[in-house]
Amino acid sequence: MIDYAFVTIEQLRAICRVDAEDDSQDDWLERLTAAVTDYLERRLAKRIKKREDAYVETWSGEGGTVHKLKYAPVESIDDIEEIVVEDAATIDVTDDDQVRLESTDIAARVHLLEQTFWRGVLNCSCTYNPGWEAVPSDLVEACLLAIKLLWQQKDTNRELVTAVTVQGQTTHYALRKALTDPQIDDVLVRYEDLG
């Protein structure tokens, strides 16, 4: 199972009505889990489950004091390891007088209180660990429903749920069509950053 999966093999077997002791379908269930999880993270533009490895985001400073992070949520300031602005010392993220975090389930922003993100080209970076420690139950249910829908079509989609990577972008075929279920869409739209 991928290390950032937020559903268990037991949940998958139950929702797909596979005998709890039957591990012969686990490889297929794990492939579906990886495909659906990757799709959901790309669609929502966020890491859903917190990972062991931190994410390093680099951007070009524009002279402002606020930067919207690429991934959300960032559950606490403790999830930010460091913020670096070129030609300046590393920002002390533990100092409430230097940095403030504003994060929701949809977006996360860091605010510098005593400095700006200086203008430059790829001169700013933030090392942080986005994602939920405990993934919201409605996202877990949406993931399980998506896997169940794909499972029900497994005989026709088995060859279509293969990953193709081109220039670092992975595409899983058959997912878009299978994941247009209104129940799944209703959940995902609550977590999409539309602004």
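The values are calculated or read from the model by the stated rules, or taken from the named source; none is laboratory data. Keep in mind the model is a prediction, meaning the values are calculated, not measured. FYI the Cβ positions are ideal-geometry reconstructions off the backbone, even for glycines, and counts take in every protein chain you see.
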Legend entry - Filtered residues of the range 73-88 (kept if crowded, with 17+ Cβ neighbours inside 10 Å and at pLDDT 90 or above): PRO73, VAL74, GLU75, ASP79, ILE80, ILE83
Inset, instruction - Run VAL36 past the list (1) assigned by TED's automatic domain parsing to the domain that holds GLN183; (2) under 14 Å from the mean Cα position of the chain (by Cα); (3) over 30 Å from CYS124 (Cβ atoms); (4) free of Cβ contacts under 8 Å to residues at least 40 places away in the same chain and report the number of the one that doesn't hold. - result: (4)
Inset, instruction - For residues that are within 26 Å of the chain's Cα centre (by Cα), part of a loop (DSSP other than H, G, I, E, B), at pLDDT 90 or above and not aliphatic (A, V, I, L, M), tally how many sit in the range 4-24. - result: 3
Legend entry - Elements of type strands (runs of 3 or more DSSP E) contained in the range 46-162, each with 1 or more residues being of a type in the set (Lys, Arg): 66-68, 99-103, 108-112
Inset, instruction - Could you please find all residues in the range 93-105 being free of Cβ contacts under 8 Å to residues at least 60 places away in the same chain and within 26 Å of the chain's Cα centre (by Cα)? - result: VAL93, THR94, VAL99, ARG100, LEU101, GLU102, SER103, THR104
Legend entry - Pairs with Cβ under 9 Å, 6+ apart, first in the range 122-137 and within 20 Å of ASP3 (Cα to Cα), second surrounded by 16 or more Cβ atoms within 10 Å (Cβ to Cβ) and of a type in the set (S, T, N, Q): PRO130/SER103
Legend entry - Flag for THR90 being under 30 Å from VAL121 (Cβ atoms) and out of contact with any Leu (no Cβ under 8 Å at 6 or more places or on another chain): yes
Inset, instruction - State which residue is nearest to ASP105 (Cα to Cα) when the search covers only the range 156-192 and only residues that are out of contact with any helix residue (DSSP H, G or I) (no Cβ under 8 Å at 6 or more places or on another chain) and at pLDDT 65 or above. - result: VAL189
Legend entry - Tally, over the range 15-73, of residues that are basic (Lys, Arg) and touching a helix residue (DSSP H, G or I) at 6+ places or on another chain (Cβ under 7 Å): 2
Inset, instruction - Would you point out the residue of the range 107-140, among those that are exposed (fewer than 13 other Cβ atoms within 10 Å of the Cβ) and farther than 14 Å from GLU62 by Cα, that is modelled with the lowest pLDDT? - result: GLU114
